Amino acid sequence: DVKVTQSSRYLVKRTGEKVFLECVQDMDHENMFWYRQDPGLGLRLIYFSYDVKMKEKGDIPEGYSVSREKKERFSLILESTSTNQTSMYLCASSLMRAGELFFGEGSRLTVL
Amino acid sequence: DQQVKQNSPSLSVQEGRISILNCDYTNSMFDYFLWYKKYPAEGPTFLISISSIKDKNEDGRFTVFLNKSAKHLSLHIVPSQPGDSAVYFCAASGSGSARQLTFGSGTQLTVLP
């Protein structure tokens, strides 16, 4: 059974703190993605990666960075959190570049 | 500028009846369309897809219809069941600048027993 695992389900941080969200997939997929989900806005793409050490900006990369040191692992980094980064963060992987995505369960981040 | 639009934030349907969820898109480069279903506190899961070379795709109780000239697709669920209550996201992708999946804002479906 395919699995995408996100390291933290719920986090509460104060403004200015650093957040590191980790995502691991066990399907040997080349492609990995980070989205955020907000009410009324759907899922918006933050960053994606088609290969190890490769990254590309999505639609809303400002305030975020990513790291892909190993094929199975894709991390999202918020260097200095702000309240507008309070959101549900979803990691996904796929076999094809624009094919079916397999999502993790999400990490709900609250920034106070 | 939303390239994929789901204009109904919510929909309520009686158990056993048909649920119809709608999605419109603006980018003519889109040629592959998907529907995802999301329960609270879980990640979205893939439901059904359709390529632009087809106008209909069925999978059990779920059927997706694509009208390319109107840039419109719809998801039909027949018969609707209480377990279908979830948020449904429409997504689209294509070539070039449209190669990444673009999602709509979602429709909350509630199936009443």
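The values are calculated or read from the model by the stated rules, or taken from the named source; none is laboratory data. Not measured: the values here are computed from a predicted model. Cβ sites come from the backbone with ideal geometry, for glycine too, and all protein chains shown count toward neighbours. Remember, those area values only see protein heavy atoms, side chains included, never the ligands or the DNA or RNA. Shrake-Rupley method; radii C 1.70, N 1.55, O 1.52, S 1.80 Å.
Summary of values
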{"quantity": "About the Cα centre, charge dipole magnitude for chain A (Lys/Arg +1, Asp/Glu -1 at Cβ), debye", "calculated": "320 debye"}
{"quantity": "B:SER85, B:SER12, reordered so the largest accessible area comes first (probe 1.4 Å)", "calculated": "B:SER12, B:SER85"}
{"quantity": "Accessible surface buried once A binds B (1.4 Å probe; total of both sides; Å²)", "calculated": "1600 Å²"}
{"quantity": "Euclidean distance of C-alpha centroids, region A:33-57 and region B:62-104, integer Å", "calculated": "19 Å"}
{"quantity": "Amide H contacts under 5 Å for B:ALA86, placed H, 5+ residues apart", "calculated": "B:LEU109"}
{"quantity": "Listed residues B:GLY16, B:GLY60, B:GLY43, most fluctuating in chain B (Gaussian network, C-alpha, under 10 Å)", "calculated": "B:GLY60"}
{"quantity": "Placed amide H near B:ILE48: partners under 5 Å, 5+ positions off or other chain", "calculated": "B:TRP35"}
{"quantity": "Per-residue mean of C-beta atoms belonging to partner chains within 10 Å, peptide A:88-94", "calculated": "2"}
{"quantity": "Translational diffusion of the protein assembly as shown, µm² s⁻¹ [Kirkwood Rh, Cα pairs; Stokes-Einstein; 37 °C; 0.692 mPa s]", "calculated": "183 µm²/s"}
{"quantity": "Flagged links, alpha-carbon separation over 31 Å, of A:LYS70/B:LYS5; A:LYS70/B:LYS71; A:LYS57/B:LYS5; A:LYS13/B:LYS38", "calculated": "A:LYS70/B:LYS5; A:LYS70/B:LYS71"}
{"quantity": "Chain B: mean projected area of Cα convex hull, nm²", "calculated": "6.8 nm²"}
{"quantity": "Accessible solvent surface per residue of chain A, calculated while the other protein chains remain in place, 1.4 angstrom probe, Å²", "calculated": "49 Å²"}
{"quantity": "In Å², nearest 10: area of B:GLU15 left accessible to a 1.4 Å probe", "calculated": "90 Å²"}
